[in-house]
1. Amide H neighbours of I16 under 5 Å, counting only residues 5+ apart in sequence or on other chains, H built in-plane at 1.01 Å?
2. For segment 46-58, what does the Karplus curve 6.51 cos²θ - 1.76 cosθ + 1.60, with θ = phi - 60°, yield as ³J(HN,Hα) per residue in whole Hz, taken in order and with x for Gly and Pro?
3. Say each of V21 and Q7 gets a label point 7 Å from the Cα, pointing the same way as Cα to Cβ; how far apart are those two points in nm?
4. A 23 angstrom limit on the alpha carbon distance is what I want to check against. Which of K49/K71; K11/K60; K39/K71; K27/K71 exceed it?
5. With the other protein chains left in place, how much accessible area per residue, in square angstrom, belongs to segment 1-57 at a 1.4 angstrom probe?
6. Among the aspartates and glutamates, which fall within straight-line cross-link reach of K24, defined as a Cα-Cα distance under 19 Å, with same-chain neighbours fewer than 8 residues apart omitted?
Amino acid sequence: MNQWLEQHNRKFGLFINNEWVTPKGSKFHSSFNPATGEKLGETVIAGQKEVDAAVDAAQKHSPIGTKCPEKIARDFCTRLPGTFKNTLESSQ
């Protein structure tokens, strides 16, 4: 896994509409291995514009996305990073 992370410089954008996107001026969030505390890499923190683009792409291209009401999908995408952060903080 470390080799794969190194090949990507341990920095990741957002995967939206089947491509990696890193908006200008993006802020990054560090990701850690919860078992060891080792920093694995950094990922872009999505803004509302990116959330909207991801939801739009999912609704166009995913059978599940087309069945999920737009408000629920946007709410899920907006809350997901906080859920991961809270989970990681409670496990440390």
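The values are calculated or read from the model by the stated rules, or taken from the named source; none is laboratory data. Please read these numbers as outputs of a predicted model, since none were measured by experiment. Cβ sites come from the backbone with ideal geometry, for glycine too, and all protein chains shown count toward neighbours. In case anyone asks, the SASA skips ligands and DNA or RNA and just uses the protein heavy atoms, side chains included. Shrake-Rupley method; radii C 1.70, N 1.55, O 1.52, S 1.80 Å.
1. Residues meeting the criterion, in which the H sits 1.01 Å from N, are V21.
2. So the Karplus estimates, Gly and Pro as x, are 6, x, 4, 4, 6, 4, 4, 5, 5, 5, 4, 5, 5 Hz.
3. Distance between label points: 2.5 nm.
4. From K49/K71; K11/K60; K39/K71; K27/K71, over 23 Å: K11/K60; K39/K71; K27/K71.
5. Details: 4040 Å² over 57 residues.
For segment 1-57, the per-residue accessible area is 71 Å².
6. E42, E50, D52
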